[in-house]
């Protein structure tokens, strides 16, 4: 599935922050948002599905900030994938133990 950056800035947000907001829309709520915060300098990233809210990015340039956000989300996704793998292995062990006890 292709993902594209979309400018999701609304008029009120533009008035408040003087800036735009970009969202990388993927699927099932796995959207990565690069945005400004009121009264803060710099760009921030948010991905609600991965429990990331307003994580500061280093760059002031929006294109570099979007790339930085992609790099950071890749690392977080890898960490979450590993946690899920460990969880699945633990569940598999419980299932195997339960089926062994039944026989």
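Derivation of every value follows stated rules applied to the coordinates shown; laboratory data play no part. A quick note: this is a predicted structure, and the numbers were derived from the prediction, not measured. Every residue, glycine among them, receives a Cβ derived from its backbone with ideal geometry; neighbour counts consider all protein chains shown.
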Report the residue, chosen from 76, 26, 91, that carries the largest GNM mean-square fluctuation when the chain is represented by alpha-carbon nodes joined by springs under 10 Å.
-> 91
Sort 66, 92 so the one with the fewest other Cβ atoms within 10 Å of its own Cβ comes first.
-> 92, 66
Taking only DSSP H segments of four or more residues, each worth -39500 (n - 2.57), what value at 222 nm results for the chain once the sum is divided by all its residues, to the nearest 500 deg cm²/dmol?
-> -16500 deg cm²/dmol
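Using a Förster distance of 35 angstrom, determine the FRET efficiency expected from the C-beta separation of residue 75 and residue 97, and round it to 0.05. Please report the intermediate quantities before stating the final value.
Details: r = 34 Å, r/R0 = 0.97.
That pair, residue 75 with residue 97, gives E of 0.55.
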Report the residue, chosen from 44, 30, 22, that carries the largest GNM mean-square fluctuation when the chain is represented by alpha-carbon nodes joined by springs under 10 Å.
-> 30
Dividing the Cα radius of gyration by the Kirkwood radius, what Rg/Rh value follows for the chain?
-> 1.21
Report, in degrees rounded to the nearest 10, the 0 to 90 angle that the Cα long axis of helix 62-102 makes with the longest principal axis of the chain.
-> 20 degrees
Relative packing of 80-90, 55-65, which averages over residues the other C-beta atoms within 10 Å, highest first | 55-65, 80-90
